[in-house]
Amino acid sequence: MKPSKLLIALFLLLALGLPWLVSGEGYSIRVLTLLMLFAAMAQAWNIVGGLANQISLGHAAFFGLGAYTSTILLIRFGLSPWLGVFAGMAVAACAGALLSLPTMRLKGHYFALATLAFCEVLRAIANSWSSLTGGPVGISVPFVPNAGIGLMQFNSGRPSYYIMLAAVVFITWVYWRISTSKLGYELRAVKANVDSAEVIGIDTARTKMLAATISAGLMGACGVLYAQFNFFFDPDSIFSLVGISVRVALICIIGGIGTVAGPIIGAFFLLPLEEIFNATLSNKGAGVSQLAYGLILMGIILIEPRGLQALFQKFMNRGRS
Amino acid sequence: MPLLQAILDGLMLGGVYAVISIGLTLVFGVISIVNFAQAQFLMVGMYVAYFAWHFLGLDPIFGSVISFIVVFLLGYGVQHLLIRRVLKAPEVAQIFLTVGLLIVLENLALILVGSEFKSVQTWSQNESLEFAGLIISMPYAIAFLASGVAGVMVWWLLAKTWWGRTVRATAQDPMAAKLMGIDPEKIYRMSFGLGVALTAFGGAVILPYLTVSPSVGEQFGVLMFTVVVLGGLGNVLGAVVGGLAVGVIQSLSGLFLPLQLQNMVLFIVFILTLAFRPEGLLRNKS
């Protein structure tokens, strides 16, 4: 299904205009920026999770690798984050390729377990290798007043928002290109039946590895953008299972795994909802909004694991008959 | 001698790992679900034992029985209300339902009991056994023994009783089992309950030498999965061998690595097993 040009234009118009409806600083623009970032991350996850149906529970690993790479390069060598994006992408892509060597033949639960464990180990390393990463207390991006565009630091919230928007557009474009290319069809063949895919001459290992590498690299780039946006992170928050890995997958599930619009729909649904929970429930004590988050996840799985788009279609069909 | 001592320590740890992992492997073997929330049931078991000690003055070794019963009922309900609904769903639904359960259990604990670390005081904590120059601290020895007893009982239940036969039949072929008059739904509920209850039991018996907090499950998650993958997912005997092996590996790596990096050694073992022996070290399914 080719997304209609009208819908794309409407989305872009809305996305470009949104930051001007709210104040340039403060809470609202921050939420919108994170919304775009998570849509981009979910789209990167979608390349492996959606096209090849390899469910990763460890994408925070690549996100964190990107963030640490650019931040350490910036602190140690003064490398501009604009170049850091490419460095972070390269490191994360290498990690993705390396991890896929032992995991590319794994399916379903086994793949999910292996990716989860990989991320846990990176978290342990980041926590214990204090001389490089700053250890459990975290690491800060040095803030230079009026540094401007060269260091990707801004006085207003809007430029960051547009950077994230550009990431969404770029990663969605990559996803779209892959899904309509030879690689995309090969990935779908792998998803449908690995053995048959082998028989018709697809190098399934190479195909999966390529997708995993691209997905990891894009995730790494998102990590760099997050580090520059948030100015601070620690191992437990950046390599977080629930906060990053599960969340990006959940966004895809809500919107519809393996659809080009899924991650964007999911992000527009989940992040505002989370903010409402945080605003109304956080005074009820630690854990309440997280509990609600877990309940949403289980609810969506039980009601319609194919997400909102499928739910909408079901609803429309019922109305027609 | 330090080497021998480390191996002995590892075996003591490994006995407990075996029991908590039997629960995980049992759930997979019978219901074909990988329960990502398994380690959170361990946390629940630890809390039940902690409160049994706190309010009733029960030693965790007896509290573990209460943990077992409470978590069995909890698991029975979870299977009936939640897991049952995704048995035929795509894998992604199965994975994320139990991940959701993980988040819910951890945060429920956080809301109900708070984030502070809690621990018990028992008579055994300052005692130890000495044998030919080797030392075993008493809480470890007790936990090991209790795990051994629980392990033997599970083996007896599965291998020697009529109920065990119905479980094995259901695990092999639910359809055929149904034709023989077995209700697979019932077996699934009992097996999930038994699986998580065993893990909770293991959590209770290690309480004397650990502290409990809502996030304690996180340090056991990767560990348990390493154990069951080593032994072969669904293989109960494999979980015992895997548990002992992981205990010894952890203890030996502790000789030359900082505590946080012991997980890395486990991960390498885990990945290598998945890559080269995905069916586990023991080939035969029991």
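Annotations for the structure displayed:
- Qualifying aspartates and glutamates (Cα of each under 20 Å from Cα of residue B:88; at least 8 residues distant if same chain): A:304, B:173, B:183, B:185
- To the nearest ten degrees, helix B:38-56 and the longest principal axis of the Cα atoms of chain B are 60 degrees apart.
- What separates the Cα centres of the range B:1-27 and the range A:218-245 is a distance of 35 Å.
- Once the convex hull of all Cα atoms in the range B:118-163 is built, its volume per residue stands at 108 Å³.
- Sorting the segments A:240-249, A:198-207 by their residues' average number of neighbouring beta-carbon atoms within 10 angstrom, most packed first, yields A:240-249, A:198-207.
- Fewest-first ranking of B:7, B:136, A:251, using other Cβ atoms within 10 Å as the exposure measure: B:7, B:136, A:251
- Where Rh is the Kirkwood radius over Cα pairs, Rg/Rh for chain A: 0.96
- Considering only A:136, A:145, A:272, the mean-square fluctuation computed in a Gaussian network model of chain A, springs between alpha carbons under 10 angstrom, is largest for A:145.
- Ordering B:136, B:157, B:11 by the projection of their Cα atoms onto the charge dipole of the protein assembly as shown, which places +1 on the Cβ of Lys and Arg and -1 on the Cβ of Asp and Glu, puts B:157 at the extreme positive end.
- Residue mean of other protein chain beta carbons inside 10 Å, A:94-103: 1
- Helix B:236-253 vs. chain B, principal-axis angle (Cα, 0 to 90°, nearest 10): 30
- Magnitude of the charge dipole for the protein assembly as shown, about its Cα centre and with charges confined to Cβ atoms of Lys, Arg (+1) and Asp, Glu (-1), is about 1860 debye.
- Number of partner chain Cβ atoms within 10 Å, mean per residue of A:245-252: 2
- Treating each Cα of the range B:2-214 as one equal point scatterer and applying the Debye formula with no solvent, the log10 of I(q)/I(0) at q = 0.08, 0.11, 0.14 Å⁻¹ comes out as -0.31, -0.56, -0.86.
- B:156, B:162, A:176 arranged by Cβ crowding within 10 Å, fewest neighbours leading: B:162, B:156, A:176
- Separation of alpha-carbon centers, the range A:29-62 and the range B:218-255, rounded to whole Å: 31
- R0 of 25 Å, Cβ-Cβ distance residue B:215-residue A:130: FRET efficiency to nearest 0.05: 0.75
- Residue A:7-residue B:176 pseudo-label distance in nm [points 7 Å out on the Cα-to-Cβ vector]: 4.8
- Alpha-carbon centroid distance for the pair the range A:141-191 / the range B:129-164, whole angstrom: 54
- Distant alpha-carbon pairs in the protein assembly as shown (separation over 36 angstrom), percent: 38
- Computed from Cα atoms, the angle from the helix B:162-172 axis to the main principal axis of chain B rounds to 70 degrees.
- Hydrophobic long helices, here whole DSSP H runs in chain A with Kyte-Doolittle means of at least 1.0 and Cα atoms spread over 30 Å or more along the helix axis, are found at A:81-103.
- Global geometry of the range B:196-286, whether rounded, prolate or oblate, following the gyration tensor of its Cα atoms and the 1.5 cut on a/c: oblate
- Neighbouring Cβ atoms from other chains, within 10 Å of the Cβ of residues in B:159-169, number 0 on average.
- Residue order, fewest to most beta carbons within 10 Å, for A:36, B:264: B:264, A:36
- For chain B, modelled as a GNM whose springs connect Cα atoms under 10 angstrom apart, the maximal fluctuation among B:202, B:232, B:57 occurs at B:57.
- Counting only lysines at least 8 places from residue B:118 when in the same chain, those with an alpha carbon closer than 25 Å to its own are A:284.
Where a number appears in this text, it was derived from the coordinates with a stated rule and is not lab data. A quick note: this is a predicted structure, and the numbers were derived from the prediction, not measured. Heads up, the Cβs are rebuilt from the backbone with ideal geometry, glycines too, and the neighbour counts pull from every protein chain shown.
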